[in-house]
Amino acid sequence: MKLPPFEYACPSTLSEAVALLASHHGEAKPLAGGQSLVPMLAFRVASPSLLVDLRKLSELRQIRITDDSVTLGAMVRWREILDDARLRTAHPLLVVAVEHVAHYQIRNRGTVGGSIAHADPAAELPGIVVTCEAKIDVVGKAGTRTIDAADFFRGPLITALEPDEIITEVRLPAWSARRRFGFQEFARRRGDFAMAAAALFYDENNGNAYNAHVGVTGVADWPLRLTAVEGVLDGATINEATIARAEAAATAAVDPPDDIHASGAYRKALVGVMVERALKSAAV
Ligand SMILES: Cc1cc2nc3c(=O)[nH]c(=O)nc-3n(C[C@H](O)[C@H](O)[C@H](O)COP(=O)(O)OP(=O)(O)OC[C@H]3O[C@@H](n4cnc5c(N)ncnc54)[C@H](O)[C@@H]3O)c2cc1C
């Protein structure tokens, strides 16, 4: 289908981009990689009067790694994450999750900010930012603010962003060198959105886990943190019995609806299996 008519602007500065969004009173949208927005235009799910292309804003393309955090600019593409060798040690969970995003053509264009703002409940990066307690920095006509990932996702394709706000960067807390982690995803075909996925990590002290973080996607209107599973893991030795208890806790913690792809009961069981497999891969 042809796209609906819209105006197009390609500002050179962030403040110009914000001013353009603000002047259109909710009728304008930022354009990043276009990999979700353009299909939405084609399907008439969105029909903004103005697209504000962010591609000239080079300050949004940085990946910074410090002792405190891994910071991804909003216009960093999936391919750039996968190609940055530093991230394989600075944030291996992020890299493994991004390997599951879509197909290479889409990974060449799709961006961090676009994925977070699009807020697909089955997308990988929203799951990672919730699991890792990331901070999301945004700028709008009222100035800058930081939103905790836990407060950012409000529903399928709904976020805490105001219409004039642009995500500038996403900050993931620094990763500790000997941390154990796992990421497991089940999709019908490689590159499809997840039917369910689990991301988790924990640290170890004298053979026991602590600081467990467990998140799942594809089973609710937004990514979920499974604190009940974290409670099973914290203080425990990660062995077959603990993993079985974690699997049961994960299954009990979610209540996915039926949809055209699977019944809720299937997805509920799938979440348990994803957590089980992620824990087994973390423990080896
Ligand atoms: C066939 C196909 C398969 C896919 N499979 C997957 C998958 O398995 N996993 C996955 O995670 N994704 C998948 N995607 C989506 C893909 O990863 C997109 O790239 C991503 O969701 C959106 O990023 P984008 O840069 O293309 O954003 P765009 O499409 O340009 O924008 C998406 C939305 O975000 C807003 N936006 C963009 N940037 C900003 C910003 N900085 N601040 C505020 N708002 C902003 C736009 O206004 C729009 O509402 C798939 C897409 C396709 C077409």
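Which residues in the range 115-148 place their backbone N less than 17 Å from a point set 7 Å from the Cα of Ala19 along the Cα-to-Cβ direction? Only 139-144 pass the distance filter. Per residue, the average separation of C-alpha pairs within less than 8 Å and at least 6 apart gives the chain a relative contact order of 16 percent. Please give the FRET efficiency for His261 paired with Glu59, using the beta carbon to beta carbon distance and R0 = 51 Å, rounded to the nearest 0.05. Calculated transfer efficiency: 0.85. Residue-wise HN-Hα couplings along the range 153-160, as the Karplus relation 6.51 cos²θ - 1.76 cosθ + 1.60 with θ = phi - 60° gives them from phi, are 8, 10, x, x, 6, 10, 9, 7 Hz; Gly and Pro carry x. Axis angle, to the nearest 10 degrees, between helix 264-283 and the longest C-alpha principal axis of the chain: 70 degrees. By the equivalent-ellipsoid construction on the alpha carbon gyration tensor, the range 180-283 comes out with semi-axes of 24, 13, 11 Å, ordered largest to smallest.
Annotation: amide H of Ser69 within the under-5 Å range of Ala174, sequence separation 5 or more or interchain, hydrogens built in the peptide plane. Across the range 151-202, Cα-Cα pairs farther apart than 16 Å form 67% of the total. Residue-wise HN-Hα couplings along the range 66-77, as the Karplus relation 6.51 cos²θ - 1.76 cosθ + 1.60 with θ = phi - 60° gives them from phi, are 10, 5, 9, 7, 10, 10, 10, x, 4, 8, 5, 8 Hz; Gly and Pro carry x. Taking the average, over residues, of other Cβ atoms within 10 Å as the packing measure, peptides 160-167, 108-115, 260-267 rank 108-115, 160-167, 260-267 from highest down. In terms of distances greater than 22 angstrom between alpha carbons, the cross-link table entries Lys2/Lys29; Lys2/Lys56; Lys135/Lys268 yield Lys2/Lys56; Lys135/Lys268. The string of couplings for the range 50-61 from the Karplus curve (6.51, -1.76, 1.60, θ = phi - 60°) is 9, 9, 9, 6, 8, 5, 7, 8, 5, 5, 8, 9 Hz, one whole number per residue in order, with x for Gly and Pro. Close amide H contacts of Tyr210 (hydrogens built in the peptide plane, cut-off under 5 Å, sequence separation of 5 or more or a different chain): Asp203, Glu204, Asn205, Gly235.
Rounded to the nearest 0.05, what FRET efficiency do Lys2 and Asn239 have when you use their Cβ-Cβ distance and R0 = 41 Å? Efficiency, rounded to the nearest 0.05: 0.10. For Glu7, the amide hydrogen comes within under 5 Å of the amide hydrogens of Leu50, Leu51, counting only partners 5 or more places away or on other chains and with H modelled in the peptide plane.
None of the figures in this text is laboratory data; all of them are computed from the coordinates on show. These figures come from a predicted structure and were not determined experimentally. In this analysis, Cβ positions are derived from the backbone assuming ideal geometry, glycine residues included, and neighbour counts consider all displayed protein chains.
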